[in-house]
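Here's the structure, in structure tokens; my notes come after.
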Amino acid sequence: LILSFDSLSRVDGSARFGFGLYPQYLTSISGPIEVRLASEQPSQSTIEVHVRPLTNVPGTESKKAAVILKEVLQMEVIMEANPRTLIQFVVQALVPTPNVTDELVAAMINCCTLSLLNAGSVPMRGVICAVSIVRLSPVKGEIPIYKVHLTEESIPRLEATGCFAFLFSDSVSSNTYASSCIWTNWHSSYSGSAKAVDEDDLVRARDVARSAAREVWDRMK
Amino acid sequence: MRPPSPSIPEKEFLFSALKQGLRLDGREFFETRPVTLTFGPELGWVECFLGQTRVLAQVDAKMIKPPPERPFEGVISIHSEISPMASSEFELGRPSEEEVTITRMLDKVIRRSDVVDKESLCILAGQRVWHLRLNVHCLSDSGNLLDCACLAGIVALKHFRRPDVEVIGEEVTVHHPTSRAPIPLSLHHNLYCFTFAFFSDTSIHPVLDPNHLEQRLNGGLISIALNAHRELCVVQKSGGVPLEPADVLRIVNVAVQKAKDLDVIVESRLREDWEGRKVEVR
């Protein structure tokens, strides 16, 4: 994965992130700044997220991604610290994104976290890292395999996919860390109960995701 | 919240410095900020840095049925909406005056001045033409977004390669970039835009490539788009303090010289990037 800080001149913080060789998203954050009276909240700050695709005007996919990001970021930012202010995120896609996959959602979340760290002006509860996990049907044997990246040849074996976001905070030493899964959209890519997801499956997928997210966090540090 | 800049001390400092012939960032009056062009992995993706001002431009092409009144020409559309990333003063959905100027100027520079040969975009007359879509994203506004956006747009069009198309009778075959090398767009000329800011105090000479503070405090802006062969295409002065004809002629001469220099830079960067890519032509 690739990550870098941009230093755009008119915003408080900015960063690029991508899974792979090229950055997929560039995020900028301004905050806490002045808020419009209509969206002002008396006891906490307002978070505004704009997701802009590379081509075309922002549509429903962008809106869906923006809603997800807002939810995740509300858990990361300490909202009560700056009431009646606005924290504004703009997520700009750097690669064409015809549909927003789970991997791209994970990249967006990581990118927003990086730009928050770059800004330093917004108080945060912790660092949120996200990865997307896929479950493949086993080649031989009974246990399905969980992988972080989907390669071309594994697509026919795809059973379930999802993105997990973990909040990391309070690391006493480099070996122990506290992390909790705060958001996921683990879902099966088949309809019907044959290859459905259940609780054990979710727990297993979450563990795989946790270690992958830890790698992302180490890289961020 | 603090009132928006520029503050009165900033204003007075800028004017007194300019009267003494000094610009706050140390440049000469007719010196632009350094231009950096970064190309992405895809063809037609370029990020243009003009000092701290940054613009990203990307070109996309797809085939459509042409409108009936122009069956022999391709279609070019430009999308340039400024997001709050450029500056928190920009709001989505409510174009500011600067944004309208940029949209109109991009339209004049890229579409109406016939930079791209539209007839070469025709595949099958009346049925299939190329629709080029230029997306311009302003990432950071540190003054003179207009020049940066125009430059990014032109360089993206020069960098872009469209898939090769073969027409046999009525049948159209589009070749994938891996089977046949994509071909560049045919451009008539390269246009470069230069913006000069002048101030309400007429003893101060106009400055080229205003930075953020100079643009906020200007008494008027004049933009000139021209190519490297001394041909003027667009001269735009919207409002502002009246200028003497001698000043305008001097500005045009400066712009002509700068266009030649910029053309050399752009061509050398494009050549460098092209050599770095592995393209085999069979």
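The values are calculated or read from the model by the stated rules, or taken from the named source; none is laboratory data. The model shown is predicted, which means the values in this text are computed figures rather than measured ones. Cβ atoms come from the backbone with ideal geometry, glycine included; neighbour counts cover every protein chain shown. Ligands, DNA and RNA are stripped out before the accessible areas are found, and what is left, the full protein with its side chains, is counted by its heavy atoms. Shrake-Rupley method; radii C 1.70, N 1.55, O 1.52, S 1.80 Å.
Scanning the range A:61-100 for residues that are open to solvent by 10 Å² or more (accessible area, probe 1.4 Å), within 30 Å of B:Glu42 (Cβ to Cβ) and either at the interface with chain B (Cβ under 9 Å from one of its Cβ atoms) or acidic (Asp, Glu) (or both) yields A:Glu61, A:Gln88, A:Val95, A:Pro96. Number of residues in the range A:78-130 that are under 14 Å from the mean Cα position of the chain (by Cα) and not in a strand (DSSP E or B) equals 18. Annotation note: of B:His131, B:His137, the sole residue that is open to solvent by 10 Å² or more (accessible area, probe 1.4 Å) and not in a loop (DSSP other than H, G, I, E, B) is B:His131.
Here A:Thr55, A:Thr46 are screened, and the one residue that is within 18 Å of B:Leu92 (Cα to Cα) and modelled with pLDDT of 90 or more is A:Thr46. As a summary of the residue check, B:Gln58 satisfies the conditions (1) open to solvent by 40 Å² or more (accessible area, probe 1.4 Å); (2) modelled with pLDDT of 90 or more except for the one numbered (1). If I filter the range B:115-130 down to residues being closer than 20 Å to B:Asn190 by Cα and not small (Gly, Ala, Ser), which single residue comes out as farthest from the other protein chains (Cβ to nearest Cβ)? Result: B:Glu119.
For the range A:101-111, name all the residues that are open to solvent by less than 30 Å² (accessible area, probe 1.4 Å) and either within 13 Å of chain B (Cβ to nearest Cβ) or out of contact with any helix residue (DSSP H, G or I) (no Cβ under 9 Å at 6 or more places or on another chain) (or both).
A:Asp102, A:Ala107, A:Cys111
Scanning the range A:4-26 for residues that are more than 14 Å from the chain's Cα centre (by Cα) and over 26 Å from B:His212 (Cα atoms) returns A:Gly20, A:Leu21, A:Tyr22, A:Pro23. Tell me which of these B:Asn227 doesn't satisfy, since it passes every other one: (1) more than 20 Å from B:Leu18 (Cα to Cα); (2) open to solvent by 40 Å² or more (accessible area, probe 1.4 Å). If we test B:Asn227 against (1) more than 20 Å from B:Leu18 (Cα to Cα); (2) open to solvent by 40 Å² or more (accessible area, probe 1.4 Å), just (2) comes out false. Pairs meeting the criteria (first residue in the range B:241-252 and under 12 Å from B:Gly220 (Cβ atoms), second residue of a type in the set (Lys, Arg) and outside any loop (DSSP other than H, G, I, E, B), beta carbons under 8 Å, at least 6 apart or on different chains) are B:Leu243/B:Lys237.
Taken over the range B:232-257, residues that are within 28 Å of B:Arg161 (Cβ to Cβ) and open to solvent by less than 50 Å² (accessible area, probe 1.4 Å) amount to 1.
Any residue at all in the range B:160-174 that's part of a loop (DSSP other than H, G, I, E, B) and crowded, with 16+ Cβ neighbours inside 10 Å?
Looking for residues that are part of a loop (DSSP other than H, G, I, E, B) and crowded, with 16+ Cβ neighbours inside 10 Å, one finds at least one in the range B:160-174, hence yes.
Screening B:Val248, B:Val241, B:Val264, B:Val235 for residues that are in a helix (DSSP H, G or I), closer than 30 Å to B:Gln20 by Cβ and of a type in the set (A, V, I, L, M, F, W, C) leaves exactly one candidate, B:Val248.
Among the residues making up the range A:9-29, a single one is in a loop (DSSP other than H, G, I, E, B), surrounded by 18 or more Cβ atoms within 10 Å (Cβ to Cβ) and aliphatic (A, V, I, L, M): A:Val11.
Filtering the range A:12-29 to residues that are at the interface with chain B (Cβ under 9 Å from one of its Cβ atoms) and free of Cβ contacts under 8 Å to residues at least 60 places away in the same chain leaves only A:Leu21. The residue pairs whose first member lies in the range B:175-202 and is in contact (Cβ under 8 Å) with a residue 60 or more places away in the chain, whose second member is part of a loop (DSSP other than H, G, I, E, B) and among the polar types (S, T, N, Q), and whose beta carbons are closer than 6 Å, counting only pairs six or more residues apart or on different chains, are B:His189/B:Asn227; B:Asn190/B:Asn227; B:Leu191/B:Asn227.
Among residues of the range A:30-41 being in a loop (DSSP other than H, G, I, E, B) and open to solvent by 90 Å² or more (accessible area, probe 1.4 Å), the one that is nearest to the other protein chains (Cβ to nearest Cβ) is A:Glu34. Checked against (1) open to solvent by less than 10 Å² (accessible area, probe 1.4 Å); (2) closer than 28 Å to A:Leu8 by Cα; (3) free of Cβ contacts under 8 Å to residues at least 60 places away in the same chain, B:Gly74 meets all criteria but (2). Taking the range A:42-60, which residues are within 11 Å of another protein chain (Cβ to nearest Cβ) and of a type in the set (A, V, I, L, M)? Scanning the range A:42-60 gives A:Val49, A:Val51, A:Leu54, A:Val57. Scanning the range B:59-68 turns up at least one residue that is in contact with a His (Cβ under 6 Å, 6 or more places away or on another chain) and in contact (Cβ under 8 Å) with a residue 24 or more places away in the chain. Among the residues of the range B:182-208, those identified as over 19 Å from B:Ala149 (Cα atoms) and not β-branched (Val, Ile, Thr) are B:Pro182, B:Pro184, B:Leu185, B:Ser186, B:His188, B:Phe198, B:Phe199, B:Ser200, B:Asp201, B:Ser203, B:His205, B:Pro206.
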